[in-house]
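Only one structure is covered here, and it is reproduced in the block below.
The values are calculated or read from the model by the stated rules, or taken from the named source; none is laboratory data. Please read these numbers as outputs of a predicted model, since none were measured by experiment. Ideal geometry is used to build each Cβ from the backbone, glycine not excepted, and the neighbour counts take in all protein chains shown. All accessible areas refer to the heavy atoms of the entire protein, side chains included, with ligands and DNA or RNA removed. Shrake-Rupley method; radii C 1.70, N 1.55, O 1.52, S 1.80 Å.
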Amino acid sequence: MSTALVRVAHLAIGFGETVLQEDATFEVEQGTIFAILGPSGCGKSTLLRCLVGLDEPRSGTVAIGGVEPGPTRSGRPRFGVTFQSGALLGSLTVEENVALPLQEWTDLPLDAIGGIVAAKLRLVGLQRTEEQMPAELSGGMRKRVAIARAMALEPDLLFLDEPSAGLDPVSAAELDELILELNRELGLTFVVVTHDLESIFKIAGSCIMLDRATRSIVARGDPRLLRDTSQDPRVRAFFHRARQEVTP
């Protein structure tokens, strides 16, 4: 029996007259860390926006837990999303940023919301940061706050857009460890758009690789196996670019 949490069938995406993918079909198994890979301009972020319902695909379907993207009948989103910049509101404290989804989608009293916010910040290793402003945090800390906010409504699925972008190697490695821990301890499913080879080999159990020239998925599977065994020159060029091969 399939345990796919995300099902994408015959998806065509693009903008204006530009077509980025013509017939993307893939599944994301529940409890996995799934990466969307490919060189710049191949449509990774556009695909992510279609998966979370921010953009409409030209054709094809996306189903998350058997339902197309959008609020549930109760109004609550079924997944969390973090964007490349973190997208925290600079005028709000850490606590207020993480509380936003709870205030928007629930009728919980303020003390209950405060307890949930504190618990989510503990999960990402940011205890006692509630009163700080985003500008007072490091880049890695802002990414962690964004993940805490994405988890506020207890989703089973998180979409992360370039989570390690702009981080130094130490902070990026720490963020990878956090993603692995949340996957292992909470069973969260992750769909991650990234170009970071070290992160790919460390966290992703499966992936797809997009190609702009053919407007198609040119590889799928375990990224370590693709790196070591693929004979496709496009795949080899991506995984061995700049003569740098990162071992897991």
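Structure summary
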{"item": "Exposure of SER59 as accessible area (Å², to 10), given a probe of 1.4 Å and all protein chains", "result": "60"}
{"item": "From phi via Karplus (6.51, -1.76, 1.60), per-residue ³J(HN,Hα) for segment 48-62 in Hz, x at Gly/Pro", "result": "4, 4, 6, 5, 8, x, 7, 10, 8, x, 5, 6, x, 9, 10"}
{"item": "Modelled FRET efficiency - R0 30 Å, GLU131 with ASP168, Cβ distances, 0.05 increments", "result": "0.75"}
{"item": "Amide H contacts under 5 Å for GLY31, placed H, 5+ residues apart", "result": "THR189"}
{"item": "Rounded percent of accessible protein surface that carbon and sulfur make up, the chain, 1.4 Å probe", "result": "51"}
{"item": "Relative contact order of the chain, defined on C-alpha pairs under 8 angstrom at six or more residues apart (%)", "result": "25"}
{"item": "Helix-only CD estimate at 222 nm, as mean residue ellipticity for the chain, using -39500 (n - 2.57) per DSSP H run (n ≥ 4)", "result": "-10500 deg cm²/dmol"}
{"item": "Mean separation of Cα contacts under 8 Å (6+ apart) over length of segment 121-248, as relative contact order %", "result": "18"}
{"item": "Lys/Arg +1, Asp/Glu -1 at C-beta; segment 119-235 dipole; positive extreme among ALA119, THR194, ILE179", "result": "THR194"}
{"item": "Neighbour-limited loop hits for GluC sites (Glu not before Pro), segment 79-136 (at most 15 other Cβ within 10 Å; DSSP other than H, G, I, E, B)", "result": "GLU131"}
{"item": "Average accessible surface area per residue within segment 151-248, 1.4 Å rolling probe, Å²", "result": "47"}
{"item": "Estimated distance in nm for a label pair at GLN103 and HIS240, the labels positioned 7 Å out from Cα along Cα-to-Cβ", "result": "5.3"}
{"item": "Order by protection proxy (mean Cβ within 10 Å, highest first), peptides 23-35, 155-167", "result": "155-167, 23-35"}
{"item": "Environment charge of GLU174, counting only residues whose C-beta is closer than 14 Å and scoring Lys/Arg +1, Asp/Glu -1", "result": "-2"}
{"item": "Estimated inter-spin distance, LEU225 and SER138, nm [label 7 Å along Cα→Cβ]", "result": "3.7"}
{"item": "Net charge dipole size for the chain [Lys, Arg +1 and Asp, Glu -1 on Cβ; Debye, nearest 20]", "result": "540"}
{"item": "ALA213/THR61 FRET efficiency (R0 30 Å; Cβ-Cβ; nearest 0.05)", "result": "0.75"}
{"item": "Reciprocal of mean inverse Cα separation for segment 130-248 (Kirkwood radius, Å)", "result": "15.7"}
{"item": "Exposure rule at most 11 other beta-carbon atoms within 10 Å, DSSP loop trypsin sites (Lys or Arg not before Pro): the chain longest free segment", "result": "129-248"}
